[in-house]
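Structure record follows, encoded as structure tokens.
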Amino acid sequence: MSDPSSFRVALTFDAEHPDRSWCPPGNADAILDALKGASARATFFVQGRWARSQPETARRIATDGHLVGNHSHFHAEMPLFHADGFERDVTDAQEAILEIMGADPRPWFRCPFGEGSDDPRIHAGLEKLGYRNVHWHVVLEDWEPWRDGPAIAADAIAGARAHGDGAVILLHTWPGGTGEAVPVILEGLREAGARFVGIDQLETVP
């Protein structure tokens, strides 16, 4: 019988080329180290070009047992593509992920910047390719320079607890603040009764 005080949390990381300058070397691997140390499973939405540029780290995501999703190839706003370009961007990323990580990202896709997540045309295009978009419940703006580790961790813990069972949290692999925050998030949420799951372990996802 499950513990009625426990709740599930899906930590999701967008693994992509950083668009800001504060990306400490080895940040993604430090996040993977923290997850492994806590025996916590997460979901990584991987940009195809990032996987090709960081093959060892990308491969480790899969070998460590995390769920892998598609985060496009060029990390452009999906509504800006015409139909052929949209399909090529998604499938190019899929091919890179399969080749480098040995993992099929289908059916999980996350729109870069969240753009297109509420667009029926984008949803239809993804469905045609075997995907569905995954959004989030808790956004921490970890990409902003003023968001340090303690602030990110505090808001992640509060947001997950406020949402309750099945909270999907948006994080990124490149900000230094996120690397600092992840061990604190893992410890704080586990103390609060959280179980860390992939989005494939949730009945519904945003």
Go through the residues of segment 119-132 one by one and say whether even a single one is modelled with pLDDT under 95, in a loop (DSSP other than H, G, I, E, B) and crowded, with 18+ Cβ neighbours inside 10 Å.
no
Among the residues of segment 100-118, write down those that are in a loop (DSSP other than H, G, I, E, B), open to solvent by less than 40 Å² (accessible area, probe 1.4 Å) and farther than 14 Å from P206 by Cα.
A103, P105
Here is a list: R121, R147, R132. Which entry is more than 30 Å from G85 (Cβ to Cβ) and basic (K, R)?
R147
Any residue in segment 187-206 that's among the hydroxyl-bearing types (S, T, Y): show its pairings with residues that are surrounded by 14 or more Cβ atoms within 10 Å (Cβ to Cβ) and assigned to a loop (DSSP other than H, G, I, E, B) at Cβ separation under 9 Å, as long as the two are six or more apart or on different chains.
T204/G166
If you scan segment 74-110, which residues turn out to be closer than 18 Å to F13 by Cβ and at pLDDT below 95?
H75
Counting only residues that are out of contact with any helix residue (DSSP H, G or I) (no Cβ under 7 Å at 6 or more places or on another chain) and over 14 Å from S6 (Cα atoms), which one in segment 150-170 is least open to solvent (accessible area, probe 1.4 Å)?
L170
Which one of these is of a type in the set (D, E, K, R) and on the phi > 0 side of the Ramachandran plot: E141, E180?
E141
Selected residue [farther than 27 Å from T204 by Cα, in contact with a His (Cβ under 9 Å, 6 or more places away or on another chain) and assigned to a loop (DSSP other than H, G, I, E, B)] from P24, P18
P18
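Got at least one residue in segment 171-181 being of a type in the set (A, V, I, L, M), assigned to a strand (DSSP E or B), open to solvent by less than 70 Å² (accessible area, probe 1.4 Å) and closer than 19 Å to C23 by Cα?
yes
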Does G198 satisfy the criteria of being open to solvent by less than 60 Å² (accessible area, probe 1.4 Å) and of a type in the set (G, A, S)?
yes
Does any residue of segment 71-89 turn out to be closer than 18 Å to T43 by Cβ, outside any loop (DSSP other than H, G, I, E, B), open to solvent by less than 10 Å² (accessible area, probe 1.4 Å) and touching a strand residue (DSSP E or B) at 6+ places or on another chain (Cβ under 7 Å)?
no
Sort out which residues of segment 90-101 are within 30 Å of F196 (Cβ to Cβ) and touching a residue at least 24 places away in the same chain (Cβ under 8 Å), and write them in order of number.
V90, A93, Q94, E95, A96, I97, I100, M101
From the list R49, R8, exactly one residue is of a type outside the set (S, T, Y), assigned to a strand (DSSP E or B), open to solvent by 10 Å² or more (accessible area, probe 1.4 Å) and within 21 Å of V134 (Cα to Cα). Which is it?
R8
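The values are calculated or read from the model by the stated rules, or taken from the named source; none is laboratory data. Note that this is a predicted model, so its numbers are computed, not measured. Methodologically, a virtual Cβ is constructed for each residue, glycine included, from the backbone with ideal geometry; neighbour enumeration extends over all protein chains shown. Note: areas computed on protein heavy atoms with side chains; ligands, DNA, RNA excluded. Shrake-Rupley method; radii C 1.70, N 1.55, O 1.52, S 1.80 Å.
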